[in-house]
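The values are calculated or read from the model by the stated rules, or taken from the named source; none is laboratory data. All figures in this text were calculated on a predicted structure; none of them were measured in a lab. With ideal geometry, Cβ positions are generated from the backbone for all residues, glycine too; neighbour counts draw on all protein chains shown. What goes into the accessible areas is simple: the full protein's heavy atoms, side chains included, and nothing from ligands, DNA or RNA. Shrake-Rupley method; radii C 1.70, N 1.55, O 1.52, S 1.80 Å.
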Amino acid sequence: MLIDTHAHILDDALDAEAIVSSMAEDELSAIVIAGVDLPSSERAARFAALHSGVYCTVGCHPEECGAYDCAHDDKYLELAALPSCVAIGEVGLDYHYDDGASPAVQRDVLARMLHLAHKADLPIVLHVRDAYKDSLDVLRGNRALLGRGFVMHCYGGSAELVKDYCDLGAYFSLGGVLTFKNARKDDVVRAIPTDRLMLETDCPYMTPEPYRGRPNRPAYVRYVALKMAQILGKDYEQVCSETSANAARIFYKLGL
């Protein structure tokens, strides 16, 4: 069975109820819905509470940091305490666009999210784009808060940086980009220890081949697993088993 460790199935482009109803048919044992701000985190938590096999993360995405309100901390902690909440996320640093929150504000909010994860005794799901050095600096400066580890969601860094993140307790979640013809991710996949690899879709985005150009969905995580198996020279079933075991380890509240 497969675990989609990062999905946005409540997006208007998808039918969340249909996705959940077909989980068994799609060989999915769990789907983790990622929150990006307080309203989306609340929606994810409500939906997860009502559907078996569905879980959530709660947090403030770097693109939402400009509107972050410290008064929401208690609400995030309340959501984090729910049985269906498996992590604080997605949080992190994204310097790709010039019109978002400043790097300084993003770093401050990330540090605050790390403190919340520590208080909640949960791992962290990190979104990092064009900010790998700064994210390492923030993580190293807050190492004491990383007791439950963290996930590099849709990891886009180099193979050389894998060890630096692993030394801090990282797991790495890879998605549809892995299947793109120009992805050139083989060295990154091989650099990641097999007990730290996980699968995701980030649906409805990052749709893998052969469905690129259409809205992504959790069922398509199988194509990421197939590509990962090809790169690693492993059986598809072995990759499914190993990545699911890794997800159950870092997201300990999955109970799988």
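Of the strands (runs of 3 or more DSSP E) lying entirely inside the stretch 12-108, not one contains at least 3 residues that are among the hydroxyl-bearing types (Ser, Thr, Tyr) and out of contact with any Leu (no Cβ under 7 Å at 6 or more places or on another chain).
Checked across the stretch 34-47, the condition of being over 26 Å from Ile19 (Cα atoms) and acidic (Asp, Glu) holds for no residue.
Restricted to the stretch 146-253, the set of strands (runs of 3 or more DSSP E) holding at least 2 residues that are in contact with a Lys or Arg (Cβ under 6 Å, 6 or more places away or on another chain) and closer than 23 Å to Ile9 by Cα comprises 170-174.
Could you say whether any residue in the stretch 60-81 is among the hydroxyl-bearing types (Ser, Thr, Tyr) and either surrounded by fewer than 15 Cβ atoms within 10 Å (Cβ to Cβ) or within 16 Å of the chain's Cα centre (by Cα) (or both)? Looking for residues that are among the hydroxyl-bearing types (Ser, Thr, Tyr) and either surrounded by fewer than 15 Cβ atoms within 10 Å (Cβ to Cβ) or within 16 Å of the chain's Cα centre (by Cα) (or both), one finds none in the stretch 60-81, hence no.
The set of residues in the stretch 1-18 that are over 21 Å from Gly255 (Cα atoms) and either surrounded by fewer than 18 Cβ atoms within 10 Å (Cβ to Cβ) or among the hydrophobic types (A, V, I, L, M, F, W, C) (or both) comprises Ile9, Leu10, Asp11, Asp12, Ala13, Leu14, Asp15, Ala16, Glu17, Ala18. Looking across the stretch 130-172, the residues that are touching an Asp or Glu at 6+ places or on another chain (Cβ under 8 Å), closer than 27 Å to Ala104 by Cβ and open to solvent by less than 40 Å² (accessible area, probe 1.4 Å) come down to Ala131, Leu136, His153, Cys154.
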